[in-house]
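Taking it in order: structure first as structure tokens, then the write-up.
Since every read-out is calculated from the coordinates, none of them should be taken as a lab result. Just so it is clear, the model here is predicted, and its values are computed rather than measured. As a convention, Cβ positions derive from the backbone with ideal geometry for all residues, glycine included, and neighbour counts pool all protein chains shown.
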Amino acid sequence: MKIVTNSFKSGIIVRLSGDIDLETSPELRTELITYIRKKINPILVDFEAVSYVDSSGIATLVEALKLMRAYNGSLKLIAIPKSVIEIFNFLKLEKVFEIYSDASSCG
Amino acid sequence: MINPSITIPSNPKYLRLVRAVVATIGQVSDLSDDSVDQVMLAVDEACANVIRHAYNNDFNKEIIVTFNISKDILEVTIDDYGKKAEPDCFNCQPIGEIRTGGYGLHLIKRAFDVIKYDETKKNGNRLRLLRYKNENSNK
């Protein structure tokens, strides 16, 4: 997994690529927690180049969502591939997260 | 008949190797692409559970994944030599709740019709995962 983070409007966009699994999700968690501690808002996570997500990746995003809600922050997931969104749907998390087709449609 | 198998260290960086093997096994077993994805994710989750729970994140232990492919069943057996699994480890928390764990078991149950530990194994755990390939499957 690779992580590239840039500023985006008043917040940031975290672009991920590769597999998010038990090996790599701690790195994603560290990245997100760094910005959450600074109360960055919003945080966009771009999945366009992500090929695989396991339950540790899902749990990392849920943790980030809960932490951001404490300061009314907004975590937005964008460009999630079909094979990955299918996991969100199965776990009934597609309505828990704000999910968008691309960054420009986040508002 | 020799069953294909793979032995990996209990290090998360080798899970991608397991996934690659499972993907190939799924294709050899004539599973659909969606089924291959589900089985691959489920076996990955089961191995991750071994690393976290049986081996308590000790990355220098051994995980053995064995495949038994027949006309009607794909069986995946995962052996470890770590701490015995708790009897209630198959109890799922409700799906759809906002929590930071417990998703993996749902993903394993989605992919396999039968999930059980071999209670005759004395040292460690042997998890048996069976997926029926015919109309008996609810997958």
Among (1) at the interface with chain A (Cβ under 9 Å from one of its Cβ atoms); (2) under 14 Å from A:Ser55 (Cα atoms); (3) of a type in the set (D, E, K, R) - the single one B:Lys109 does not satisfy: (1)
Conditions (1) among the hydrophobic types (A, V, I, L, M, F, W, C); (2) farther than 24 Å from A:Pro81 by Cβ; (3) out of contact with any Cys (no Cβ under 8 Å at 6 or more places or on another chain): number failed by B:Val21: (2)
The lone exception for A:Asn6 - which of (1) farther than 19 Å from B:Leu107 by Cβ; (2) facing chain B (nearest Cβ under 10 Å); (3) not basic (Lys, Arg) it fails: (2)
Hey, B:Asn91 within 12 Å of chain A (Cβ to nearest Cβ) and either part of a loop (DSSP other than H, G, I, E, B) or over 14 Å from the mean Cα position of the chain (by Cα) (or both) or not: no
One residue from A:Ser51, A:Ser83 being part of a strand (DSSP E or B), within 14 Å of chain B (Cβ to nearest Cβ), more than 13 Å from the chain's Cα centre (by Cα) and surrounded by fewer than 18 Cβ atoms within 10 Å (Cβ to Cβ): A:Ser51
Verdict on B:Val18 being buried (at least 17 other Cβ atoms within 10 Å of the Cβ) and either more than 11 Å from every other protein chain (Cβ to nearest Cβ) or of a type outside the set (A, V, I, L, M, F, W, C) (or both): no
Subset of segment A:94-107 (residues that are within 21 Å of A:Ile36 (Cα to Cα), of a type outside the set (Gly, Ala, Ser) and in a loop (DSSP other than H, G, I, E, B)): A:Val96, A:Phe97
Residue check, B:Arg99 touching a helix residue (DSSP H, G or I) at 6+ places or on another chain (Cβ under 8 Å), touching a residue at least 60 places away in the same chain (Cβ under 8 Å) and of a type outside the set (A, V, I, L, M): no
Members of segment A:54-80 found to be within 13 Å of chain B (Cβ to nearest Cβ), outside any strand (DSSP E or B) and within 11 Å of the chain's Cα centre (by Cα), listed by number: A:Gly57, A:Ile58, A:Ala59, A:Thr60, A:Leu61, A:Val62, A:Glu63, A:Ala64, A:Leu65
So B:Arg19, is it among the charged types (D, E, K, R) and assigned to a helix (DSSP H, G or I): yes
